[in-house]
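Encoded as C-alpha cells, the structure appears first; notes follow it.
The values are calculated or read from the model by the stated rules, or taken from the named source; none is laboratory data. Keep in mind it's a predicted model, so treat the numbers as computed, not measured. All Cβ positions, even for glycine, are placed from backbone atoms using ideal geometry, and neighbour counts span all protein chains on display.
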C-alpha cells in the first residue's frame, strides 16, 4: 500500500445516497397516485363487483407502498447515521497523528 491514498467525501456520499432514497420514494408515490388518477374515469364505469375487487387490490398496493416507504425511511436514517459515524471515526483517527 505504499503511496496509496484513500480519499472520500462524507457529505457527497451521504447526499448522493440519501437523495436516491428520497427520490425513489417520491417517484413511487407519484406513480401510484398518477395510476389512480388515470383509472378513476374507468372505475366509474365498472360494475360494483369489479370496483370492489379493484378497491381491494388498490388497498393492497397502498399497504405495500407504505411498507416500502417505511423501509426507505429507515434506510435513509441508517445512511445518515452511518455517514456521521464514519466521519467521526475518521476525525478521531486523524487526531492521533497530531
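Return yes or no: is residue 67 surrounded by 12 or more Cβ atoms within 10 Å (Cβ to Cβ), at negative phi, at pLDDT 95 or above and out of contact with any helix residue (DSSP H, G or I) (no Cβ under 9 Å at 6 or more places or on another chain)? Answer is no for this residue. For the residues 50, 80, the requirement of being modelled with pLDDT of 95 or more, in contact with a helix residue (DSSP H, G or I) (Cβ under 9 Å, 6 or more places away or on another chain) and surrounded by 12 or more Cβ atoms within 10 Å (Cβ to Cβ) singles out 50.
Sub-6 Å Cβ pairs linking a first residue in the range 82-98 that is part of a helix (DSSP H, G or I) to a second residue that is surrounded by 10 or more Cβ atoms within 10 Å (Cβ to Cβ) and at pLDDT 75 or above, at least 6 apart or interchain, are 83/14, ordered by first then second residue.
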